[in-house]
Amino acid sequence: MRLSVNLNGLKLKTPLMLASGTWGLGDNIDKFFTKEEVETYIGAFVTKGISVNPREGNPPPRLCETPCGLINSIGLENPGIKEFKAKYLPMLKIYNIPIVVNLHGEKIEEFLELVEALKEEEIEGIELNISCPNVKKGGISFSSDPKAVEDLVKEVRKSWDNFFAVKLSPVGAVFEIAEICQKQDVDAIVVANTYPALGVINLKPLKIIKGGLSGPAIKPLTLRLVYELSQRIDISIIGCGGIISGKDALEYLFCGARAFQIGTANLIDPRNVIKIIEELKTFEI
Ligand SMILES: Cc1cc2nc3c(=O)[nH]c(=O)nc-3n(C[C@H](O)[C@H](O)[C@H](O)COP(=O)(O)O)c2cc1C
């Protein structure tokens, strides 16, 4: 099968993108891959979410394994845009693959500040994480408020000409938000982020973790969203949820995705992406 994809100007050698937060900021990529492997197998690198100021993230426990899944509550830990540009971006630029920076903010102005800070950088695209709280609307997430998403996306589109993706939450007004993205000329939607979940760490005394569920457990849920969205709207879809094999990836492509992202599978085996692409190549379609 032909692997290269052009997502509204974002040229990918393979449809495989590394999902945000599961490869950090790329500073350890050389421990697992040669430069040639990166450039052969990885269509694009999506960074961990970056905010205006550094964030420490949540206290432990941050991870909890569940049957076929993983609950994470990292709390968007990151060094902030200034350090990202000075320290991490140069390490990523060694590789000749597109860099997509995942952004999160607590108000529209923060997203715009991030976009402004990235304008002079040679990066190929941005991906907005809209699952974060909007402080101007009492802390409910952008994704639970289609009007807030519309205002955000409209402003970002005005100030960013290159590839622009919005990463949807799988819960809430998913279809309405996807339609807003299409109307506002967003280049692609990533379907989707993790599902709100709770894991029990200890029964007595009760210790829980509230976070986002990812991994194979969510694949049928996200696959359905991808399929139904692709039937209803005409915007490029990047599928993301539970892919651990070439066959999983193929299912997403057949159900309407034009590219896909690999998240939890990287934590199981950082070299899984190579196996996924090699397996995908064996399908005669
Ligand atoms: C440890 C961890 C950290 C993550 N951090 C981010 C993040 O910073 N920003 C974001 O948009 N998504 C983040 N995600 C969500 C993933 O990018 C992906 O959307 C989700 O895990 C579903 O894909 P998967 O089932 O292949 O893991 C994170 C996921 C995990 C497991």
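The values are calculated or read from the model by the stated rules, or taken from the named source; none is laboratory data. Small disclaimer: the values here were computed from a predicted structure and weren't measured. Using ideal geometry, Cβ is built from the backbone for each residue, glycine included, and neighbour counts are taken over all protein chains shown. These area figures cover heavy atoms from the full protein model, side chains too; ligands, DNA and RNA do not enter into them. Shrake-Rupley method; radii C 1.70, N 1.55, O 1.52, S 1.80 Å.
Quick notes
- When segment 196-224 is limited to residues that are of a type in the set (G, A, S) and within 23 Å of T14 (Cα to Cα), the one that is surrounded by the fewest Cβ atoms within 10 Å (Cβ to Cβ) turns out to be G215.
- Among the candidates K204, K247, K210, K219, residue that is free of Cβ contacts under 8 Å to residues at least 24 places away in the same chain and among the charged types (D, E, K, R): K204
- Selection from segment 225-242 of residues that are under 16 Å from the mean Cα position of the chain (by Cα), open to solvent by less than 10 Å² (accessible area, probe 1.4 Å) and among the aliphatic types (A, V, I, L, M): V226, I237, I238
- Of all residues making up segment 29-83, the number that are assigned to a loop (DSSP other than H, G, I, E, B) and among the acidic types (D, E): 2
- Condition check for L223: more than 24 Å from E65 (Cβ to Cβ), within 16 Å of the ligand (Cβ to nearest atom) and either of a type in the set (D, E, K, R) or in contact with a helix residue (DSSP H, G or I) (Cβ under 8 Å, 6 or more places away or on another chain) (or both): no
- Of the candidates E120, E127, the single residue that is charged (D, E, K, R) and open to solvent by less than 10 Å² (accessible area, probe 1.4 Å) is E127.
- Counting only residues that are buried (at least 19 other Cβ atoms within 10 Å of the Cβ) and out of contact with any Ser or Thr (no Cβ under 6 Å at 6 or more places or on another chain), segment 100-109 holds 3 of them.
- Counted residues, segment 14-24 - those being in a loop (DSSP other than H, G, I, E, B) and open to solvent by less than 10 Å² (accessible area, probe 1.4 Å): 3
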